Amino acid sequence: MPKWFYCTAAALSILWSGHAEAQVDPDTWASIVRGGRLYDKWFEETREPAPEKRHPAYPEAGPQANDAAATWRCKECHGWDYKGRDGVYGSGSHFTGIKGIRGMAETPIGTITAILKDRNHQYGDLMAATDLADIATFVSLGQVEMDLSIEQGTGVVKGDKTARVAEFQTICANCHGHDGLKVRDMPPLGQAVRDNPWEALHNILNGHPNEKMPALRVLGIPVLVDILAYAQALPSNNVLASVVRGGRLYDNWINAIGGPPPQTRHRAYPSGATFAREPKTNWRCKECHGWDYKGKDGAYGTGKHKTGISGIREFDRADPDRIAAVLKDNNHRYARWLDILDFQDLANFVTRGQVDMDDFIDRGTAKAKGDPQKRAAYFHTICAGCHGTDGRKVATSPPLGRTAQNNPWEALHKILNGHPDEKMPALRSLAPQVLADILAYVQTLPAED
């Protein structure tokens with residue numbers, strides 16, 4: 001039996017204090033932090049295929065029951081604070097009614113390993129003996145009482161956000177950026193730590209499964225909680241900036257992210273519609289839902305862009321997470337192409353960035369509801385540098401006046417959000433009537449080449 005098998009409460013205290021290098025076998029430290037990563041997502045850490053059927057102990061009516069892999073994650077039943085139904089997973093989208101593992105702290109490793117292999121858990125055939133031993137070591141020796149570090153009701157980290165700036169800016173910033181906004185396949189760090197500080201503390205203790213984030217458990221809780229408090233104060237993405245980028249993704253996400261276009265028709269785009277043989281066109285959100293966001297009920301209800309597909313107006317003010325899930329579903333299938341921040345931006349645009357174009361443009365005449373002379377100076381200062389004073393400077397685009405006259409909905413969308421692959425400014429922060437006046441002026445520009 002390993003010499004750390006019978007670690008005592010005193011040893012556990014040493015482990016958490018951050019001063020155990022001389023007193024505790026280094027292998028124990030390695031086992032604890034790897035066990036924490038396995039507790040998080042064992043199939044990611046071991047690089048094994050995730051189970052395809054729901055875990056037998058996970059409730060059939062549980063909120064994650066349709067995501068088989070999620071139900072096999074230890075944290076999904078027992079929580080990031082290890083308290084299950086008695087902690088932060090006591091309600092909400094991760095509630096299962098299953099108890100936590102706090103009562104297993106200091107339990108012999110062999111006892112916990114046997115539980116992991118029993119009929120209720122069934123991990124014996126899925127993980128190697130060393131994996132099971134590492135999880136058991138984490139459960140026995142690696143749990144922390146998170147209520148001492150995080151207010152359970154508010155999620156506020158009980159640390160000094162000014163005390164460990166240097167640690168964050170040296171240990172963490174290389175990957176996360178000095179403002180926590182550098183990593184694109186996760187939400188901004190400040191937002192993530194505010195939304196779920198329990199997960200953040202677990203990760204700062206143990207690292208991420210199968211990634212290069214260091215496990216900082218050895219630094220001790222006072223240091224880690226101060227680092228976490230600093231991270232919790234970092235900025236989120238500005239919502240308005242997210243909305244306008246989402247508008248550019250809605251226009252042409254392929255150009256916006258600079259990636260290769262899909263090679264086959266979007267499955268939701270009708271096979272008999274005009275652009276069925278042009279994946280780079282039929283994968284654009286605007287191609288199905290329209291520049292006025294009304295789909296079959298708007299400007300794309302007739303003509304060469306007609307698809308018969310509904311618009312997105314009903315999703316104005318919806319939950320952005322709901323929209324992100326729709327974008328990943330079997331009908332839309334954007335998960336292969338977009339990252340987390342892309343989904344966040346596009347969802348923010350759909351839920352916070354749509355405007356009712358009928359407020360700006362007369363649907364019958366396609367005329368902007370503005371004064372064409374009142375904002376001429378705006379055009380000649382903000383826009384003319386690129387487009388020219390007559391709107392015909394850009395040789396690769398039709399005259400601006402023609403676009404504004406023939407498709408004012410597209411023109412207004414781009415006035416609001418900019419172009420997906422160019423440096424055109426987004427003017428969404430200006431008053432709505434100012435935008436209507438600018439559009440009215442652009443409609444007076446020449447339409448011929």
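Being under 22 Å from residue 70 (Cβ atoms) and assigned to a loop (DSSP other than H, G, I, E, B) is the filter here; which residues of the stretch 96-121 pass it?
The answer is 96, 97, 98, 100, 101, 117, 118, 119, 120, 121.
Given the condition farther than 29 Å from residue 222 by Cα, in contact with a strand residue (DSSP E or B) (Cβ under 8 Å, 6 or more places away or on another chain) and modelled with pLDDT of 95 or more, answer yes or no: does some residue in the stretch 77-96 qualify?
yes
Among the residues of the stretch 68-115, what is the count of those that are within 19 Å of residue 145 (Cβ to Cβ), over 26 Å from the mean Cα position of the chain (by Cα) and among the small types (Gly, Ala, Ser)?
The number of residues fulfilling the criteria is 3.
Looking for something closer than 29 Å to residue 323 by Cβ, of a type in the set (Lys, Arg) and outside the structural domain of residue 422 (by TED's automatic domain parsing) - is there at least one such residue anywhere in the stretch 150-158?
no
Give me the residue from the stretch 309-323 that is at pLDDT 95 or above and buried (at least 16 other Cβ atoms within 10 Å of the Cβ) and, out of that set, nearest to residue 93 (Cα to Cα).
The residue in question is 323.
State whether one or more residues within the stretch 48-60 are under 30 Å from the mean Cα position of the chain (by Cα), surrounded by fewer than 17 Cβ atoms within 10 Å (Cβ to Cβ) and more than 30 Å from residue 328 (Cα to Cα).
no
Taking the options 249, 240, 228, name whichever one is touching a residue at least 40 places away in the same chain (Cβ under 8 Å), closer than 26 Å to residue 347 by Cβ and in contact with a Ser or Thr (Cβ under 9 Å, 6 or more places away or on another chain).
240
For residue 27, only one of the following conditions fails: (1) of a type in the set (Asp, Glu); (2) farther than 22 Å from residue 325 by Cα; (3) not in a helix (DSSP H, G or I). What is its number?
(3)
Where residues in the stretch 145-158 are closer than 16 Å to residue 233 by Cβ and out of contact with any Leu (no Cβ under 6 Å at 6 or more places or on another chain), which of them is surrounded by the most Cβ atoms within 10 Å (Cβ to Cβ)?
Checked the stretch 145-158; the qualifying residue surrounded by the most Cβ atoms within 10 Å (Cβ to Cβ) is 150.
Limited to the stretch 122-144, what total is found for residues that are in a loop (DSSP other than H, G, I, E, B) and of a type in the set (D, E, K, R)?
Residues flagged as in a loop (DSSP other than H, G, I, E, B) and of a type in the set (D, E, K, R) within the stretch 122-144 amount to 1.
Here is a list: 306, 286. Which entry is assigned to a loop (DSSP other than H, G, I, E, B) and not aromatic (Phe, Trp, Tyr)?
Residue meeting the stated conditions: 306.
Sort out which residues of the stretch 257-283 are within 15 Å of residue 337 (Cα to Cα), in contact with a His (Cβ under 9 Å, 6 or more places away or on another chain) and buried (at least 16 other Cβ atoms within 10 Å of the Cβ), and write them in order of number.
266, 279, 282, 283
Of everything in the stretch 48-103, what is among the small types (Gly, Ala, Ser), touching a residue at least 12 places away in the same chain (Cβ under 8 Å) and under 26 Å from residue 141 (Cβ atoms)? Give them in sequence order.
Selection gives 57, 79, 84, 87, 100.
Scan the stretch 325-339 and tell me whether some residue there is within 19 Å of residue 437 (Cβ to Cβ), assigned by TED's automatic domain parsing to the domain that holds residue 424 and at pLDDT 95 or above.
no
Scan the stretch 96-137 residue by residue and report those that are surrounded by fewer than 17 Cβ atoms within 10 Å (Cβ to Cβ), among the β-branched types (Val, Ile, Thr) and either within 18 Å of residue 45 (Cβ to Cβ) or not assigned by TED's automatic domain parsing to the domain that holds residue 46 (or both).
Scanning the stretch 96-137 gives a single hit, 130.
Determine, yes or no, whether residue 250 is at pLDDT 95 or above, more than 19 Å from the chain's Cα centre (by Cα) and surrounded by 19 or more Cβ atoms within 10 Å (Cβ to Cβ).
The answer is no for residue 250.
When you go through 208, 202 one by one, which is the residue that is out of contact with any Ser or Thr (no Cβ under 9 Å at 6 or more places or on another chain), closer than 25 Å to residue 45 by Cα and crowded, with 22+ Cβ neighbours inside 10 Å?
Answer to the selection: 202.
The values are calculated or read from the model by the stated rules, or taken from the named source; none is laboratory data. If you're wondering where the values come from, they're calculated on a predicted model, not measured in any experiment. Glycine gets a Cβ as well: all are built from the backbone with ideal geometry, and neighbour counts include every protein chain shown.
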